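Peer 1: Before we start, here is the structure in question, set down as structure tokens.
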Amino acid sequence: MLLLNMLIYAVVASFTPGPNNIMALFFSQNLTFKKAFRFSLGVGFGFLALLCLSNIFNESLNTVFPKIEIYMKIFAFIYLLYLAYKVLISSIGGPKKSFDKKYSNIK
């Protein structure tokens, strides 16, 4: 059942607008198709690797310390509140930045 939960999360997180998807869109508008496609593939495989490693770590941690799940949930709740607070106080009309290829690390 936990594998099914991870797969549902992976599908939802892959298609929602997050930082990786926003960067892929930005690169596709400002670089060639080949370079943007390589970046998008790297983002996809990197996200898949991150999810698999996270799942393995969480399963092994839950097996070794079964009572740690409640602490992980409390930590996740506090972290989500922190992220919501940071989004709330972030400036919406900040300075606009233009695209600069020297920061993209794509050759």
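The values are calculated or read from the model by the stated rules, or taken from the named source; none is laboratory data. What you see is a predicted model; the values in this text were computed from it and never measured. Neighbour counts run over all protein chains shown; Cβ positions are idealised from the backbone, glycine included. The accessibility values were calculated without ligands, DNA or RNA, using every heavy atom of the protein model including side chains. Shrake-Rupley method; radii C 1.70, N 1.55, O 1.52, S 1.80 Å.
Peer 1: I'd like to know if region 41-50 contains one or more residues that are over 30 Å from V87 (Cα atoms) and either touching a Lys or Arg at 6+ places or on another chain (Cβ under 6 Å) or exposed (fewer than 13 other Cβ atoms within 10 Å of the Cβ) (or both).
Peer 2: Checked region 41-50: no residue is over 30 Å from V87 (Cα atoms) and either touching a Lys or Arg at 6+ places or on another chain (Cβ under 6 Å) or exposed (fewer than 13 other Cβ atoms within 10 Å of the Cβ) (or both).
Peer 1: Another question, if that's okay. Determine whether Y71 is without any contact (Cβ under 8 Å) to a residue 12 or more places away in the chain, open to solvent by 90 Å² or more (accessible area, probe 1.4 Å) and either under 24 Å from S14 (Cβ atoms) or touching a Lys or Arg at 6+ places or on another chain (Cβ under 7 Å) (or both).
Peer 2: no
Peer 1: Those residues that are closer than 20 Å to L83 by Cα, hydrophobic (A, V, I, L, M, F, W, C) and modelled with pLDDT under 80, I need them from region 13-40; list them, please.
Peer 2: Within region 13-40, A13 is the sole residue that qualifies.
Peer 1: With respect to L53, determine if the residue is at pLDDT below 80, out of contact with any His (no Cβ under 7 Å at 6 or more places or on another chain) and open to solvent by 70 Å² or more (accessible area, probe 1.4 Å).
Peer 2: So L53 fails the test.
Peer 1: So, in region 16-30, of the ones that are open to solvent by 80 Å² or more (accessible area, probe 1.4 Å) and of a type outside the set (S, T, N, Q), which residue ends up nearest to G42 (Cα to Cα)?
Peer 2: M23
Peer 1: In region 1-12, how many residues are farther than 27 Å from V87 by Cβ and either surrounded by 10 or more Cβ atoms within 10 Å (Cβ to Cβ) or in contact (Cβ under 8 Å) with a residue 60 or more places away in the chain (or both)?
Peer 2: Result for region 1-12: 2.
Peer 1: Moving to a separate point now. All but one of (1) surrounded by 10 or more Cβ atoms within 10 Å (Cβ to Cβ); (2) at pLDDT 85 or above hold for I106; state the number of the condition that does not hold.
Peer 2: So the condition that I106 fails would be (2).
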